[in-house]
Amino acid sequence: MPRTAETPTAPLFDSARKQHCKVCGDGFIPRRTTAQYCSPECRNKAYRKRQSRLKAKASKDEAPIMSPFTCEHCGQTVWQVEAKDRRYCTPSCRTGAWKTRRQAAAHTLTAISPQMTLEQAELLIEYSGMKKTANLLGDFGYSYDIPTRKWIKPTNMRV
């Protein structure tokens, strides 16, 4: 509704609602009951100050722990920062390891079932997924051996 001479205006100063900005200390009348700052600039200043305090506290409390680990695919030893479950040095090594496991599974499937061709085994893995294929090979007693990069069937050892 456009303002005209007859339109009543809100009082410019409402002392009951007046608050003081937490950053600059200026008085302001909040538009919301939860307002703490007089302007977006003060709100952003407070946010940046909180973030810098949190970062300083985190860096003071916890120094990064560096530890070496060996990539399961390429065998390279690299340093990691607080990543205890890391297995590969790069995403390309992770992809390479996945492809190697997949190819080894296809070869193992052809060994289990001689009438199956390598292409058929690869299609089976493609359609059923590597997880189901690994479970199937596990049901046959095979497990993936990382150093040899093959699915092997452990021999029964007497204790």
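The values are calculated or read from the model by the stated rules, or taken from the named source; none is laboratory data. Remember, it's a predicted structure, so these values are computed and weren't measured experimentally. Glycine also receives a Cβ, built like all others from the backbone with ideal geometry; neighbour counts cover every protein chain displayed.
Screening the candidates THR117, THR95, THR110 for the property of being at pLDDT 90 or above, more than 30 Å from THR70 (Cα to Cα) and surrounded by fewer than 14 Cβ atoms within 10 Å (Cβ to Cβ) yields one hit, THR117. THR133 - would you say it is part of a helix (DSSP H, G or I) and either in contact with a helix residue (DSSP H, G or I) (Cβ under 6 Å, 6 or more places away or on another chain) or loosely packed, with under 15 Cβ neighbours inside 10 Å (or both)? For THR133, the condition - part of a helix (DSSP H, G or I) and either in contact with a helix residue (DSSP H, G or I) (Cβ under 6 Å, 6 or more places away or on another chain) or loosely packed, with under 15 Cβ neighbours inside 10 Å (or both) - is met. Suppose we filter ARG87, ARG158, ARG149 for residues that are loosely packed, with under 15 Cβ neighbours inside 10 Å, touching an Asp or Glu at 6+ places or on another chain (Cβ under 6 Å) and at pLDDT below 90; which single one remains? Going through ARG87, ARG158, ARG149 in turn, just one is loosely packed, with under 15 Cβ neighbours inside 10 Å, touching an Asp or Glu at 6+ places or on another chain (Cβ under 6 Å) and at pLDDT below 90: ARG87. Looking across the stretch 98-107, just one residue is surrounded by fewer than 15 Cβ atoms within 10 Å (Cβ to Cβ) and of a type in the set (A, V, I, L, M, F, W, C), and that is TRP98. Return yes when ALA105 is at pLDDT 90 or above, part of a helix (DSSP H, G or I), touching a Ser or Thr at 6+ places or on another chain (Cβ under 7 Å) and more than 30 Å from VAL78 (Cβ to Cβ) and no when it is not. Criteria not met by ALA105. The set of residues in the stretch 71-102 being over 20 Å from the mean Cα position of the chain (by Cα), assigned to a helix (DSSP H, G or I) and among the polar types (S, T, N, Q) consists of THR100 alone. Right, THR100: among the hydroxyl-bearing types (Ser, Thr, Tyr) and in contact with a Ser or Thr (Cβ under 8 Å, 6 or more places away or on another chain) or not? Taking the combined requirement at face value, the residue does not satisfy it. Residue count for the stretch 82-106 under the criterion of being touching a strand residue (DSSP E or B) at 6+ places or on another chain (Cβ under 8 Å) and closer than 18 Å to TYR142 by Cα: the result is 3. For the stretch 136-158, a tally of residues being in a helix (DSSP H, G or I) and touching a Phe, Trp or Tyr at 6+ places or on another chain (Cβ under 6 Å) returns 1. Taking every residue in the stretch 27-39 that is of a type in the set (Val, Ile, Thr) and pairing it with any residue that is modelled with pLDDT under 90, at least 6 positions away or on another chain, the pairs with Cβ-Cβ distances below 8 Å are ILE29/PHE13; ILE29/ASP14; ILE29/ARG17; ILE29/LYS18; ILE29/GLN19. Scanning the stretch 37-70 for residues that are surrounded by 11 or more Cβ atoms within 10 Å (Cβ to Cβ) and under 23 Å from the mean Cα position of the chain (by Cα), we see that the one that is modelled with the highest pLDDT is THR70.
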